[in-house]
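The values are calculated or read from the model by the stated rules, or taken from the named source; none is laboratory data. Remember, predicted model here, so these are calculated numbers, not experimental data. Positions of Cβ are generated from backbone atoms using ideal geometry, with glycine treated the same way; all protein chains shown enter the neighbour counts.
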Amino acid sequence: MQQDPASMDHLWLPFTPNRQFQQAPRVMVGADGMHFTTQQGQQVLDGISSLWCVVAGHNVKPINEAIHQQLGRLDYATAFQFGTDRAFEAAQRIAELAPGDLNKVLFCSSGSEAADTAMKLALAYHRARGQGHRQVFIGRERGYHGVGLGGMSIGGIPGNRKVFGAAMLPRVDHMRFIHDPVHHAYVQNELPVWEEDPLLELEQRILPLHDPSNVAAIFVEPVAGSAGWYIPPLGYLQRLRQICDKHGILLVFDEVITGFGRLGAPFAANLFGVVPDMITFAKGVTNGVIPLGGVICRDGIHAAMMNTDAPAHAIEFSHGYTYSGHPVACAAAVATLDWFREEDLLARAAQTGPQLGAAVHAAIRGLPGVVGIRSFGMAAAVELAADPAAPGKKAFDIFLDCLAHGVLVRSAGDNLVLAPAFVVTPAQIAQMVETLAASIKRHA
Ligand SMILES: Cc1ncc(COP(=O)(O)O)c(C=O)c1O
């Protein structure tokens with residue numbers, strides 16, 4: 001069906017240059033497997049799992065079917081004061097995947113809500129233990145934790161913060177970023193070994209400045225996704241855990257991207273052998289089909305919140321959303337996790353990720369304007385030389401050009417990212433890498 005251009009007048013698109021879009025609209029009308037169909041009938045290979053979401057590919061029949069069945073059985077039930085069978089089931093399945101005693105799940109509908117939920121839970125937990133003075137949050141430069149006021153404040157992507165000054169939470173600090181373009185511009189499925197210690201700054205400057213006894217939580221993406229797929233130095237996450245333990249600070253892994261298989265493991269926490277105090281998730285948990293997010297927290301956090309003298313009818317954590325644990329979204333999550341098992345998707349991601357990385361390095365390293373390539377798990381990023389006169393422009397142009405040639409890649413600042421569904425074939429990897437390489441050459 002052709003869309004009448006006039007009918008596009010009312011939609012304001014998120015994180016999109018809307019003026020440019022109006023000149024040349026990009027409209028998807030169908031999707032199946034690894035491909036979209038555009039309004040013009042073009043087939044486009046989805047090289048980014050539709051923003052890291054569609055990890056099993058599009059139009060997975062058992063997930064669709066589970067949603068239909070749930071709609072006919074219980075479409076929605078008020079979330080406050082009630083649970084649904086499906087929400088309990090989804091929580092159990094998710095907790096089973098998470099390592100250690102990460103056993104309690106709070107649902108919401110997005111990664112942004114998950115970040116803000118985790119921040120509020122950190123404050124409430126410390127207060128419940130008589131440490132209400134712990135109110136400082138620490139994030140990291142170029143981190144992304146969504147667009148809520150909390151997540152934006154601990155996030156560190158300059159463009160997302162620039163115009164919201166007064167809305168930024170006070171008492172938030174940021175660690176230095178984890179990229180060393182001199183020694184580790186090229187990373188291929190391994191953790192860079194840094195000679196210097198990137199966490200000395202946290203220990204010697206940031207924590208003493210605020211006093212560690214005031215710090216509620218440190219938030220990191222185990223692999224920095226939205227900034228452009230930056231891989232943590234060897235030992236970094238383990239040392240962060242030790243520092244947090246030493247000072248009674250909660251460690252939160254934002255696994256909205258890394259959760260549900262992107263690294264070939266259920267969570268980055270499993271892969272790195274580090275148990276954070278909370279994991280935030282969204283996206284892949286339902287294969288992106290229906291919004292669902294959440295926070296998995298350790299038993300001790302839950303126990304401290306339940307250990308209260310308040311009367312039995314008092315709510316222990318005054319927080320939640322109308323759609324927390326929506327039964328249709330939870331049915332999609334259960335079906336997605338069933339499909340993970342059925343199709344062995346974690347193992348497939350673990351196996352195919354290095355092939356993607358090898359293909360990107362082989363075809364793109366050395367091309368004009370390329371200053372770095374980082375691959376890890378089932379994603380790879382190509383970094384282009386920055387142009388101070390037009391930041392991000394070339395990457396955006398290459399994104400448009402690849403789309404015109406039938407492949408969806410993602411531009412993130414000066415990076416171009418590939419992060420396909422775990423069912424991608426070798427031929428599809430070759431197509432996306434060749435298309436990207438050809439476009440980079442055209443834009444030399
Ligand atoms: C690490 C991380 N946290 C949070 C979010 C925000 O998720 P949402 O867009 O669902 O609010 C994202 C989105 O890309 C993300 O990558």
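Condition (residue is out of contact with any Ser or Thr (no Cβ under 6 Å at 6 or more places or on another chain) and more than 20 Å from Val289 (Cα to Cα)) applied to the range 67-80: is it met by at least one residue? Checking the range 67-80: at least one residue is out of contact with any Ser or Thr (no Cβ under 6 Å at 6 or more places or on another chain) and more than 20 Å from Val289 (Cα to Cα).
Within the range 128-147, the set of residues being away from the ligand (no atom under 16 Å from the Cβ) and assigned to a loop (DSSP other than H, G, I, E, B) comprises Arg129, Gly130, Gln131, Gly132, His133, Arg134, Gln135. Whether a residue is surrounded by fewer than 20 Cβ atoms within 10 Å (Cβ to Cβ), small (Gly, Ala, Ser) and not assigned by TED's automatic domain parsing to the domain that holds Ala77 was assessed, and Ala303 does not pass this test.
The set of residues in the range 59-72 being in contact (Cβ under 8 Å) with a residue 60 or more places away in the chain and surrounded by fewer than 20 Cβ atoms within 10 Å (Cβ to Cβ) consists of Pro62, Asn64, Glu65, Ile67, Gln69, Leu71. Listed by position, the helices (runs of 4 or more DSSP H) inside the range 319-411 whose residues that are closer than 22 Å to His58 by Cβ and touching a Ser or Thr at 6+ places or on another chain (Cβ under 6 Å) number at least 2 are 327-342, 393-404. Considering the range 235-265, and only residues there that are away from the ligand (no atom under 16 Å from the Cβ) and assigned to a loop (DSSP other than H, G, I, E, B), the residue that is nearest to Pro420 (Cα to Cα) turns out to be Gly264. When you scan the range 324-338, do you find a residue that is touching a residue at least 60 places away in the same chain (Cβ under 8 Å), in contact with a strand residue (DSSP E or B) (Cβ under 7 Å, 6 or more places away or on another chain) and surrounded by fewer than 24 Cβ atoms within 10 Å (Cβ to Cβ), even just one? Checked the range 324-338: at least one residue is touching a residue at least 60 places away in the same chain (Cβ under 8 Å), in contact with a strand residue (DSSP E or B) (Cβ under 7 Å, 6 or more places away or on another chain) and surrounded by fewer than 24 Cβ atoms within 10 Å (Cβ to Cβ). Selection over the range 148-169 of residues that are within 12 Å of the ligand (Cβ to nearest atom), more than 24 Å from Ile243 (Cα to Cα) and small (Gly, Ala, Ser) gives a count of 1.
Take the conditions (1) within 16 Å of the ligand (Cβ to nearest atom); (2) assigned to a loop (DSSP other than H, G, I, E, B); (3) on the phi < 0 side of the Ramachandran plot; Ile296 misses just one of them, which is (2). Going by the structure shown, is Glu221 surrounded by fewer than 23 Cβ atoms within 10 Å (Cβ to Cβ) and either over 25 Å from Ala124 (Cβ atoms) or within 16 Å of the ligand (Cβ to nearest atom) (or both)? So Glu221 does not fit the description; no. Applying the selection to the range 187-211, what residues are over 14 Å from Arg140 (Cα atoms) and buried (at least 19 other Cβ atoms within 10 Å of the Cβ)? Residues satisfying the conditions are Val187, Pro192. Report yes if Leu250 is under 21 Å from the mean Cα position of the chain (by Cα), closer than 30 Å to Asp338 by Cα and surrounded by 15 or more Cβ atoms within 10 Å (Cβ to Cβ), otherwise no. Taking the combined requirement at face value, the residue does not satisfy it.
Number of residues in the range 73-127 that are surrounded by fewer than 23 Cβ atoms within 10 Å (Cβ to Cβ) and either within 16 Å of the ligand (Cβ to nearest atom) or of a type in the set (Lys, Arg) (or both) equals 7.
Per the conditions (1) touching a Cys at 6+ places or on another chain (Cβ under 9 Å); (2) part of a helix (DSSP H, G or I); (3) of a type outside the set (Val, Ile, Thr), the sole criterion not satisfied by Gly288 is (2).
Counting only residues that are farther than 16 Å from Ala56 by Cα and within 12 Å of the ligand (Cβ to nearest atom), how many does the range 266-291 have? Selection size over the range 266-291: 4. May I ask you to list the residues in the range 36-58 that are hydroxyl-bearing (Ser, Thr, Tyr) and touching a residue at least 60 places away in the same chain (Cβ under 8 Å)? Residues satisfying the conditions are Ser49, Ser50. Being among the basic types (Lys, Arg) and within 11 Å of the chain's Cα centre (by Cα) is true of Lys283. Set side by side, the residues Ala404, Ala349 differ, and just one is under 30 Å from Gln69 (Cα atoms) and either under 23 Å from the mean Cα position of the chain (by Cα) or in the same structural domain as Gly33 (by TED's automatic domain parsing) (or both), which is Ala349.
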